[in-house]
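The values are calculated or read from the model by the stated rules, or taken from the named source; none is laboratory data. Everything numeric in this text was worked out from a predicted model, so none of it was measured. No Cβ is skipped: glycine too gets one built from the backbone with ideal geometry, and neighbour counts run over all protein chains shown.
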Amino acid sequence: MAGNWKMYKTPAETTAFFEKFRPLVEKSGHCEIVICPPFTNLAAAVDAAKGSPIRVGAQNIAWAREGAFTGEISAAMLRAVGATHAIVGHSERRQYFAETDATVLKRTQAALEAGLTPIVCVGERLEERESGHTEAVLLSQFQGGIAGLTEAQFARIVIAYEPIWAIGTGKTATPEIAADAHRAIRNEVRAKFGKEAAEAVRILYGGSVKPDNVKTLMAQPEIDGSLVGGASLDAVSFASIVNF
């Protein structure tokens with residue numbers, strides 16, 4: 001269960017969140033919990049999570065180790081501050097910041113090289129779904145952004161399916177729609193990396209996940225967790241999702 005805070009909260013608000021959140025999930029051993037705050041809050045989050053099973057991740061990662069890349073944050077920097085995960089290829093990065101499948105692959109490889117766990121995002125736009133191109137889009141994103149990994153590298157990633165039309169819109173893919181997309185992704189994994197890899201990979205669902213719909217989503221065998229946006233900003237709300 002991963003929380004993506006996007007561009008919200010200060011370091012002080014991050015500390016306050018963890019003070020409320022930690023007691024609510026201290027016995028939640030059924031899943032891995034990851035919170036991805038803005039870069040400026042990573043140190044506060046890591047400090048506040050110490051001694052708990054909660055992991056901290058970044059919302060993006062540079063593909064270069066270092067150099068003249070103004071505004072970028074490298075994998076080594078993230079490791080140094082205590083992060084263990086990094087979201088790669090979120091739809092907002094694709095939509096607003098010219099992220100491509102090729103740069104998704106490069107960022108994923110950079111994360112893996114540094115020992116971070118990448119949460120690699122794929123998903124279709126509303127017009128792509130309505131025109132019946134969902135599977136083609138997922139295949140294209142998989143081939144361009146994930147299939148370039150080695151088998152050993154692929155075994156260390158997490159995939160997140162996030163239909164763009166359901167992010168921050170209040171619309172949620174039905175459990176059946178989400179499961180169909182997850183199944184399509186898993187089929188691609190099976191074709192590229194084999195049956196064991198397809199069974200082992202965790203595919204998260206992201207798109208307006210809330211306490212009142214998480215249970216029906218998680219009831220689908222194809223769905224292995226959630227990448228939660230707005231509902232992860234509130235400690236009680238996210239804890240109820242974690243403890244679905």
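Quick look at the numbers
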{"quantity": "Unmet criterion (only one of (1) buried (at least 19 other Cβ atoms within 10 Å of the Cβ); (2) under 16 Å from residue 36 (Cα atoms)) for residue 193", "calculated": "(2)"}
{"quantity": "Subset of segment 211-244 [within 18 Å of the chain's Cα centre (by Cα), closer than 22 Å to residue 185 by Cβ and hydroxyl-bearing (Ser, Thr, Tyr)]", "calculated": "226"}
{"quantity": "Where a residue in segment 30-41 is closer than 18 Å to residue 60 by Cα and its partner, wherever it lies, is in a loop (DSSP other than H, G, I, E, B) and of a type in the set (S, T, N, Q), with Cβ under 6 Å and at least six apart", "calculated": "36/59"}
{"quantity": "Single condition residue 74 does not satisfy, out of (1) closer than 23 Å to residue 40 by Cβ; (2) touching a Phe, Trp or Tyr at 6+ places or on another chain (Cβ under 7 Å)", "calculated": "(2)"}
{"quantity": "Top-ranked residue in segment 181-190 [being in contact (Cβ under 8 Å) with a residue 12 or more places away in the chain and of a type in the set (D, E, K, R); ranked as surrounded by the most Cβ atoms within 10 Å (Cβ to Cβ)]", "calculated": "188"}
{"quantity": "Hits in segment 92-125 - residues which are within 17 Å of residue 229 (Cβ to Cβ) and in a helix (DSSP H, G or I)", "calculated": "92, 93, 94, 95, 96"}
{"quantity": "Residue match in segment 53-65 (condition: without any contact (Cβ under 8 Å) to a residue 60 or more places away in the chain, within 30 Å of residue 25 (Cα to Cα) and small (Gly, Ala, Ser))", "calculated": "yes"}
{"quantity": "Residue among 211, 163 that alone is on the phi < 0 side of the Ramachandran plot, crowded, with 21+ Cβ neighbours inside 10 Å, in contact (Cβ under 8 Å) with a residue 12 or more places away in the chain and out of contact with any Phe, Trp or Tyr (no Cβ under 7 Å at 6 or more places or on another chain)", "calculated": "163"}
{"quantity": "Only one of 123, 82, 132 that is under 25 Å from residue 168 (Cα atoms) and touching a strand residue (DSSP E or B) at 6+ places or on another chain (Cβ under 7 Å)", "calculated": "123"}
{"quantity": "Residues of segment 62-83 classified as surrounded by 17 or more Cβ atoms within 10 Å (Cβ to Cβ) and in a loop (DSSP other than H, G, I, E, B), total", "calculated": "5"}
{"quantity": "Some residue of segment 134-156 being farther than 24 Å from residue 210 by Cα, among the acidic types (Asp, Glu) and free of Cβ contacts under 8 Å to residues at least 12 places away in the same chain", "calculated": "no"}
{"quantity": "Filtered residue count, segment 140-170, keeping only those that are in contact with a strand residue (DSSP E or B) (Cβ under 7 Å, 6 or more places away or on another chain), assigned to a helix (DSSP H, G or I) and among the charged types (D, E, K, R)", "calculated": "0"}
{"quantity": "Residue match in segment 214-231 (condition: acidic (Asp, Glu) and either without any contact (Cβ under 8 Å) to a residue 60 or more places away in the chain or at positive phi (or both))", "calculated": "yes"}
{"quantity": "Failed item in (1) over 16 Å from the mean Cα position of the chain (by Cα); (2) more than 22 Å from residue 1 (Cβ to Cβ), with residue 52 passing the rest", "calculated": "(2)"}
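Table: residues versus (1) among the charged types (D, E, K, R); (2) modelled with pLDDT of 95 or more.
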{"position": "157", "(1), (2)": "no, yes"}
{"position": "160", "(1), (2)": "no, yes"}
{"position": "176", "(1), (2)": "yes, no"}
{"position": "181", "(1), (2)": "no, yes"}
{"position": "189", "(1), (2)": "no, yes"}
{"position": "192", "(1), (2)": "yes, yes"}
{"position": "198", "(1), (2)": "no, yes"}
{"position": "202", "(1), (2)": "yes, yes"}
